[in-house]
Amino acid sequence: MTLPPFLRAALAPLRLMMRDRLAVAGLCVLSLIIAMALFAPLLSPHDPRHINEVEDGSVLVQTPEGWVLGESLGAVALNDAAHFGADIGAQSLIVGREGTIWARESGHWARLDGGTVADLNAVDFSPEGTALIAGADGLILLRDGDKWTEIKAENADLRGAAWLSAGDALIVGDNEDIWRLDAETALITRINSPVGRGFSLRSVALDADGTALIVGERGLAIRFDPQSGSTALERLGSSRDLNHIHITTGGTALVTGERGTLLRRAAADAAWVTDPAPDTRALRAGYIDDTGTAIAVGRNGIIMEWDGAEWLLSPTESERHLRALLVVGEDRLALGSDRFVTRLAPPSREHWFGTDHLGRDLFSQNMHGSQIALLVGFLGAALVVLIGTNVGLVAGYFRGRTETILMRTVDIMYGIPFEPFALILVLLFQPSLMIVILAVSLLTWRTVARLIRSQVLTLRERPFVKAARVAGASDLRIMYLHIFPNVLPLVFLELAIIVGVSIIAEATLSFLGLGPPQSISWGGILHDARLSGAWRTAWWWNLPPGILIMTTVLSVFFISRSLEVVANPRLRARE
Amino acid sequence: MSRRNYLIKRVVQALFSLWIIATILFFLFRMGLPDPTAALITEGLNAEQRALIRAQFGLEDPLWKQYMLFLTNALQGEFGTSFSYRAPVAEIVWERLGNTMILMVAAITLAYAIGVPLGAWLSWRRGSLADTLGIFVGLMFRSAPMFWTGMIAILIFGVSFALFPTSGMRTLPYDATGFFDKILTLDFLWHAILPVLVVALYYLGSPLLIMRNTMLEVYGEDFIEMARAKGLPERDILYKHAARNALLPVVTQLAVTIGLAAGGQVVVEVVFSWPGLGREILNAVRTSDFPLAQASFLIMAAFVITLNLLVDFLYSTLDPRVSFR
C-alpha cells in the first residue's frame, strides 16, 4: 500500500518521535493529561465549584494559648451540654444531633444510648441529678440513674429545657411551645404563650427568684412564674433573635443572639445592658458566673471572653460553628459544630489536594483546570501555526512586494511586547475564551512566519519545484503540494513549541485574573491562592497547579525535541 | 548597499513600525474604552469636570482629529497626566522602564553567563547522566510558569527561611535622589536577588540548549578533526576552537531576548511587587488610567524597537555575513 506523499511526510515525524525515548515519555504524559481533561468530571470526586462543608462533633478546649481543637466526638454536631455535681460522681452530659449523648466524667468521654435517633437540642440537670433532654419532633427524655423515660410532646422541635425545682421542669421550642413537665408522673402540660404568633423559643433558664426566663426569635423574652402559672412578656432591649440564656444562682445573666447580640445583667435586680460585641456573627451560647467570667461562642469559631470591661475575641483558628459551652471550674469546653466550611484543609482522604479558602476541593479544580489549559494551548497553537505557516509560505514563495509587505508586518509585530499586549487586549475587551485565545495567538505567529519563510526560500530554488513549474503546476499546487510537505517537520516542531508557549500564556493571563471567566484553570487556582494571601502557608494550594503546568509543557517540549531532529537533519547525523 | 544606506533604511523601517504600533494602539483603546473618563466618576468628579477632561484629551472631536492630536502629542513626548498618579505620565514611565530594564538585564546576563559555558560543557559530556540532567533542568525551568517559580521561591527563601525580602526594590521607607542612587545599594541587591534569579532560571534554558546543540554540530566540522589530529588537549578544543564557532546562534538568541526585554516579565513584577513598567501597564489598564496605559505601552514598544535596531547593528558588525542585506 502506498500512501500519498503528503500523508507519508506527515507520518515521518511520528515515526521518528517513537524512536526517541524522551519523546515517548513526553507523549505518554501528554496523553495522560489529555485523558485527564476529557474525563475530568469522572475523575474529580467533588464538584470543583462546590463549597464543601462537613459536620463534626467538635470540642474546643481552653488552654493558656487560646482555644485549641480537641479530639472529635464523632461525625455529628453537638448542641448542648450540662453539668451536675461537684466532686465524686460529677458528670457532664453533652447532647447532639441524631440522638448523640456523651457523658464526661473527670475528663473521660463515654457514649450513652438514649434509645433515640432524633436530634437532641437541650440538656439540663435537676438539683437531684435527673437529666432532662429535649429534642426534635417533641421528644423529651428523662434520665434517672440508668433509667430512660421517653415523653412525646406535639410535633414541634424543642430547643430549650430547664428545671425549675426538683420535679418540675420547663421545655420550650418552635411555634412558641412551652411545656411544663411533672417529673414524678412524666406528664406534660401546655403553657400558653402571651404572644401567640408562632415564634420559635430557643432557650430557657431558671432565674434567681425562682421564675423562668425564656428567650426566642425577634428579641422575644417571656417570664414564667411557676407559683401562679402565669406568663408575661419582658423587654431585654434587643429585637434580634436570641439563641441562649444563662443565669447563675446569684442572678448574673447573659443572653446571646444573632449578629453578635450580647445582653448582660450584672445582678438579679440590675437592668439588662447590651454589650458591644467585637464580632457580629451569630452567637449561639453563653456562660457567665458571679466572679466576672463570661464567655460567648458562636458561628465560625467565634469565642468572646469578658475581661471585666469589654468583650474580647479569643483566638481559635477554627471555622467550626460553636453551639454550646461546658464550664466546670477551670475545665472549659466549647462544643459544636454543625456543617462548617472546610476552609484551607490540608490534603486528606476526603480532599486529596486539600481545599482552598472557600472550602472548594482542590484536586477536582486541578483536574478541571487541564481542560482550559489544553483547549487554549492546542487551539491557540493551531491558530498560530495556521497563520504563521501560510504567511511564511506565501512570503517565501512569491517574494517581491508580497514578501516585503508580509515580512514588514512581522517586523512590526516584533516591536510589540507580548505579555503587555495580551494584557491590554484582554482588559479592554473583557475576558472571554475567544479573547484569551486571540491574545495568546495574535503575536506568536511572527516566529513561525519567519522560520517557515526562510525554509521556503531555499526550497523554492530546488529542482523539484522548478520541475513542477515546468510541468505547468499552478502556484497554489506548488506551494501546498510540493513545498508544504517539505516544511511539515518544521511546522510540527513549531506546533509543539507553541502549544507549550500557549499553555504558559494562558496560565499567565489566568494568574493575573484575566483568564476566561467562570472557568477553572491552573493559572486561576494560583490567582485565587495569591489573592487570598493564604498561599504562604497552604503549600497544597500552590504546588499542584504549577507542577501540572510544568509537566504538561515539559512533555510537549520533549516531543518537540524529537521533532527538531526531523526538522534539522544535521542533528540526526551527529547524535 | 552601503553600510550608511543600510542604517538609514533600518531606522526608517523602525520609525514606520513605531507609527503603525501607535496607530493600532490608538484604535485599540478607542474601541475598548469608548469613554475613558467613565473611570473618573468614582473619584467624585462632576459632569462639568469630566467634560473639561474630555475636552482636554480632545475626546469630543471627530476620531481623525483625536488621532492627529495623539500623534503630535506623542511626537513631542507629551503623554498627558496620569489619572491615578496625577503626575506627568512620561516621568512615571521612564522611571518604571529603568526598574524593568535593570531586572531584565541582570537576569539575562546571569542566564547567559551560566548557560553558555554550561551548554558547552554538557555537549562535551553528551550522553552522560550530567547531560540528561542538564537538559532536563533547563527545560524544566523553561516549562514552569515564572509566576509560579516566583511564588515557590518566595515560599522557600522568603517565608520559610526568611533569607530575602519578597517585595519591592528597597526597604520602605527610603529616600533616593536618582535612579543610580536608588540601585547602588546593598539593600537593592538584597531585594533584587530573588526576582533576578527567577527570571534568569527561566532564560537559562535557551542558551544552554542552543549552545549544546550547536556545539554538537561544530564537533563534526573538519577544523575540529584537525585540532584533534594536532593533539591539542580536549579542553582547548572545547573552549578555544569549538565554543567560539558555536557562539553565533547563541548571540542571535541573545539579541532577540534583549530586544524583547523591555516588555519585561509582567508576572514576575507582579509576584515580587517590582515597580516595573509591565506591572504599571497592568495597573493602569485595570484602573482605566488610559493616558498612562497608552504611554507605557508606546514607550515600551519604542524601546523594544530601538533595542532590536541596536542589536541588529551590533550583530551586523559581529558577523559580516549577515550585514547589508
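The values are calculated or read from the model by the stated rules, or taken from the named source; none is laboratory data. All values reported here derive from a predicted model rather than from experimental measurement. Don't worry about glycine lacking a Cβ; one is built from the backbone with ideal geometry, like all the others, and counts go over all protein chains shown.
Observations, loosely collected:
- Restricting attention to region A:530-550, the residues that are more than 8 Å from chain B (Cβ to nearest Cβ) and part of a helix (DSSP H, G or I) add up to 8.
- Only one of A:Arg360, A:Arg343 that is modelled with pLDDT of 85 or more and among the basic types (Lys, Arg): A:Arg360
- Screening the candidates A:Thr389, A:Thr355, A:Thr444, A:Thr409 for the property of being in contact with a Phe, Trp or Tyr (Cβ under 9 Å, 6 or more places away or on another chain) and under 21 Å from B:Gly259 (Cα atoms) yields one hit, A:Thr444.
- The one condition in (1) touching a residue at least 12 places away in the same chain (Cβ under 8 Å); (2) part of a helix (DSSP H, G or I); (3) under 19 Å from B:Phe297 (Cβ atoms); (4) within 42 Å of the chain's Cα centre (by Cα) that A:Pro420 fails to fulfil: (1)
- Near pairs, Cβ below 8 angstrom, 6+ apart or cross-chain, from region B:1-23 (away from chain A (no Cβ under 11 Å) and free of Cβ contacts under 8 Å to residues at least 24 places away in the same chain) to any residue that is surrounded by 13 or more Cβ atoms within 10 Å (Cβ to Cβ) and among the aliphatic types (A, V, I, L, M): none
- Each residue in region A:373-415 was checked for being under 27 Å from A:Met550 (Cβ atoms) and within 14 Å of another protein chain (Cβ to nearest Cβ), and 3 pass.
- Given (1) within 13 Å of chain A (Cβ to nearest Cβ); (2) in contact (Cβ under 8 Å) with a residue 12 or more places away in the chain; (3) exposed (fewer than 14 other Cβ atoms within 10 Å of the Cβ), index of the condition B:Asn213 fails: (3)
- Among the residues making up region A:214-231, those that are surrounded by 12 or more Cβ atoms within 10 Å (Cβ to Cβ), touching a residue at least 24 places away in the same chain (Cβ under 8 Å) and more than 40 Å from the chain's Cα centre (by Cα) are A:Ile222, A:Phe224, A:Pro226, A:Thr231.
- Residues of region B:109-139 classified as within 14 Å of chain A (Cβ to nearest Cβ) and within 21 Å of the chain's Cα centre (by Cα), total: 2
- Residues (of a type outside the set (Phe, Trp, Tyr) and facing another protein chain (nearest Cβ under 7 Å)) located in region A:416-440: A:Ile416, A:Pro417, A:Glu419, A:Pro420, A:Leu423, A:Ile424, A:Leu427, A:Leu428
- From the options A:Leu512, A:Leu526, residue that is closer than 30 Å to A:Gln430 by Cα and without any contact (Cβ under 8 Å) to a residue 40 or more places away in the chain: A:Leu526
- Unique residue being touching a helix residue (DSSP H, G or I) at 6+ places or on another chain (Cβ under 9 Å) and not in a strand (DSSP E or B) when the list is A:Glu128, A:Glu184, A:Glu154: A:Glu154
- On inspection, B:Lys65 qualifies as modelled with pLDDT of 80 or more, more than 27 Å from B:Leu307 (Cβ to Cβ) and in a helix (DSSP H, G or I).
- Residue pairs meeting the criteria (Cβ under 6 Å; at least 6 apart or on separate chains; first modelled with pLDDT of 85 or more and assigned to a strand (DSSP E or B), in region A:295-315; second surrounded by 12 or more Cβ atoms within 10 Å (Cβ to Cβ) and of a type in the set (Phe, Trp, Tyr)): A:Ile295/A:Tyr287; A:Ile303/A:Trp67; A:Met304/A:Trp311
- For region B:180-200, the condition of being of a type in the set (Lys, Arg) and closer than 30 Å to A:Phe557 by Cα holds for none of the residues.
- Residue in region B:165-180 that is acidic (Asp, Glu) and either part of a helix (DSSP H, G or I) or at pLDDT 90 or above (or both) present: no
- Within region A:269-286, residues that are assigned by TED's automatic domain parsing to the domain that holds A:His244 and of a type outside the set (A, V, I, L, M, F, W, C) sit with their Cβ atoms under 8 Å from residues that are in a strand (DSSP E or B) and surrounded by fewer than 19 Cβ atoms within 10 Å (Cβ to Cβ), at 6+ positions apart or across chains, in these pairs: A:Pro278/A:Leu312; A:Pro278/A:Leu313; A:Asp279/A:Leu313.
- Contact map, region A:327-348: first residue without any contact (Cβ under 8 Å) to a residue 24 or more places away in the chain, second residue of a type in the set (Lys, Arg) and surrounded by fewer than 20 Cβ atoms within 10 Å (Cβ to Cβ), Cβ cut-off under 7 Å, separation 6 or more or different chains; the map is empty.
- Residues being of a type in the set (Val, Ile, Thr), without any contact (Cβ under 8 Å) to a residue 40 or more places away in the chain and in a strand (DSSP E or B) are entirely absent from region A:193-207.
- First in region B:244-260 and closer than 18 Å to B:Met101 by Cα, second anywhere and of a type in the set (Asp, Glu) and surrounded by fewer than 20 Cβ atoms within 10 Å (Cβ to Cβ), Cβ under 9 Å, 6 or more apart: B:Ala255/B:Asp312; B:Gly259/B:Asp312
- Here is the figure for region B:85-111: residues that are outside any helix (DSSP H, G or I) and buried (at least 19 other Cβ atoms within 10 Å of the Cβ) total 0.
- For the residues A:Ala90, A:Ala75, the requirement of being under 30 Å from the mean Cα position of the chain (by Cα), among the hydrophobic types (A, V, I, L, M, F, W, C) and surrounded by fewer than 21 Cβ atoms within 10 Å (Cβ to Cβ) singles out A:Ala75.
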